[in-house]
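Rule-based calculations on the coordinates, nothing more; no lab input. A quick note: this is a predicted structure, and the numbers were derived from the prediction, not measured. Note that each Cβ is placed from the backbone with ideal geometry, even for glycine, and that neighbours are counted across all protein chains shown.
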Amino acid sequence: MRKTKKMLVIALAAVLLLILTGCGNSADKAPEGKSAEPSVGTRQDSASAERAEGQGKALVVYFSRTGEQYTVGVIDKGNTAIVAEMIAGQTGADLFEIVPADDHYPMTYDALTDVARKEQREKARPAYAGTLPDPGGYDTVFIGAPVWWGDWPMIMYTVFENNDFSGKKLVPFSTHEGSGLSGFDRKLAAACKDARVLEGLAVRGNDCQNRQDKVKESVSQWLGSLGY
Ligand SMILES: Cc1cc2nc3c(=O)[nH]c(=O)nc-3n(C[C@H](O)[C@H](O)[C@H](O)COP(=O)(O)O)c2cc1C
């Protein structure tokens, strides 16, 4: 009986020693105050990066204006540019900004609405600077712009008509102040008949400037629904 008790004490002491010295490698230990576990964000990023790889190569093409914008005053980064960068950041896509070849767009809101209205009435096809990366090198092209008078800005039709998107997955996104997606998906499908248009996303322009966490969340959810 005394022998059993002694063995029990030795066993308990051994267990205690193991606990005190730690079973794992000390290199695995987190610095004080930090967790060794990756943060939720890190885990989501690597998981979505893996899923993004499965989706093939993606390109984000967008048009966006700085200067005076509706409800947000004068901005130095456009609302649509903010969403475009979030999409590229979460999918690893390349980015291409549509910049007018001749930038005749005024920096004040009222004057800009007049120019945009005139272009729409005239079905103008303003030229853009540079050359879009060949869509043939991509599986998916995200295409975004602000809603202008309930439609894509006319310069985006120049993009749709001057590039070959056949066989591509096209994903529209808009920023707006009440009109939502404004039929961007339907109009894109009509302009690029041999492409497959997927579910789009509409984001309030004001949120892009003032509630970026909320916008990031909507972008993540939407990308998740698309398989990213
Ligand atoms: C010329 C013009 C027309 C606009 N028309 C609409 C519209 O029809 N519906 C709407 O909800 N917002 C409209 N807006 C607001 C913009 O869509 C919104 O401010 C957008 O986020 C601007 O994006 P950006 O900063 O990327 O250019 C218009 C803005 C401008 C400048």
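Annotation: for a label point projected 7 angstrom from Cα along Cα→Cβ of Ser225, residues of segment 177-200 with backbone N closer than 11 Å are 199-200. For the cross-link pairs Lys77/Lys193; Lys118/Lys216; Lys168/Lys216; Lys187/Lys216; Lys123/Lys193, the ones whose C-alpha atoms lie over 28 Å apart are Lys77/Lys193; Lys118/Lys216. When each of the peptides 92-101, 201-210 is scored by how many other beta carbons lie within 10 Å of its residues on average, the order from highest to lowest is 201-210, 92-101. Decide, for segment 95-228, between rounded, prolate and oblate: order the square roots of the alpha carbon gyration tensor eigenvalues as a ≥ b ≥ c, take rounded if a/c falls under 1.5, and otherwise choose prolate if a/b is larger than b/c, else oblate. Here segment 95-228 falls in the oblate category. With both labels modelled 7 Å from their Cα along Cα-to-Cβ, the Glu217 to Tyr70 distance reads 2.5 nm.
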